[in-house]
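Trainee: Quick one: the structure is below, and I'll ask about it shortly.
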Amino acid sequence: MKTSIADSVHQLLQTSIVVVDESLQILWLNDAAEALLGLSYRRLNKTTLDSVVVAGDLSSELLQQCFRQKGQWQLEDAAIITAHEQWEDCHISLNYQQFEKKPVVLLEIMCARDQLGIKKEYQLLDQNRVSLSMVRNLAHEIKNPLSGLRGAAQLLSRKVSESLTKYTEVIVAEADRLQQLVDRMLTPAKVEKRRLINIHELTERAAEFIALHEKSEVKVVRDYDPSLPELNVAPEQVYQSLLNLLTNACEAIQHKGKVYLRTRAVHQHSIGPKQYRLMAKIDVEDNGPGINEELKDVIFFPTISGKQSSGLGLGIAQSLIRQNDGIIEFESSPGKTCFSIYIPILGGATTTQKRDAEND
């Protein structure tokens, strides 16, 4: 049986939707509800809701009352406690319906944590777009003075003694290098070809670079999930992002101590309007002082940094990961800062797409 258009639309919603019958058996739920309840549709099919929601405001008595009165209910600031997690500050809507002459209750659940997560993801996407625009504008502003600097150095080389020309040659060479950098910033980057690769090849390369750095006394502690499948990515772009995050972590702990490099698989994660059934998550965690509160909302903008540096590293890292359909998120408090790279796993697109393929 093919998935209906309505089914496909509901799967794309961030709101959790669950349909139960009079015996409270789960008849249908969308991807967001799978994430909320911590179990897949296959595991929850023919399971009663009260066996999954073990406590909280969404009780079996309330559901049965909704069936008896054939009405609609709204719960604000409600709690839902499952065997896996506790959700607070939820808005729950219960709607009695007749579906193919069978009474059902349609539950719509939106938790504050979901709303904050969605808002944060959209902010990160907006930051990435603004960052690209700012970098290109900055490059335009640099280009003309740079040409003047190079020309002045060439003229100066004709006036000074031969012993001083080596200094003007350095100025010209560095101006040429900066000109190439500016050109790369103004020209759309050459798209690196994607290929399947074990993410741990890239994490190991980055970790070994940090370990060999002459000024670094940082120990990179690996915590890998060996079951992660290969990712379809542009390897050098992901490697560069990892290296930027690891370098920032080393600077945060002043090049002494431990940085944790962790890989995991995560289910039902959204990037903006698109939800993925399965994604790889690569964490770079340090125990430094954390990011200042006033910088948290703008940390991925160019020239924003909590360090004595240009602040371009995080913006570039985010841009590179976005080119691989992923995103970088972070959490920071004094004593713990964790930047997480999320990249879709091949075959882990939206559950809707996968179910459509299976139904075909």
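Trainee: Run the reach check for Lys143 against aspartates and glutamates, Cα to Cα strictly under 18 Å, same-chain hits fewer than 8 apart removed. What comes back?
Mentor: Glu174, Asp176, Asp183
Trainee: Taking the beta-carbon count within 10 Å as an exposure proxy, list Leu146, Leu178 from fewest neighbours to most.
Mentor: Leu178, Leu146
Trainee: Ranking Thr247, Thr48 by Cβ neighbours within 10 Å, fewest first, what do you get?
Mentor: Fewest-to-most Cβ neighbours within 10 Å comes out as Thr48, Thr247.
Trainee: For each of Phe339, Phe99, count neighbouring Cβ atoms within 10 Å of the residue's Cβ, then give the residues from fewest to most.
Mentor: If I rank by nearby Cβ atoms, fewest first, I get Phe99, Phe339.
The numbers here are math on the coordinates, done by the rules we state, and not lab data. Please read these numbers as outputs of a predicted model, since none were measured by experiment. Ideal geometry is used to build each Cβ from the backbone, glycine not excepted, and the neighbour counts take in all protein chains shown.
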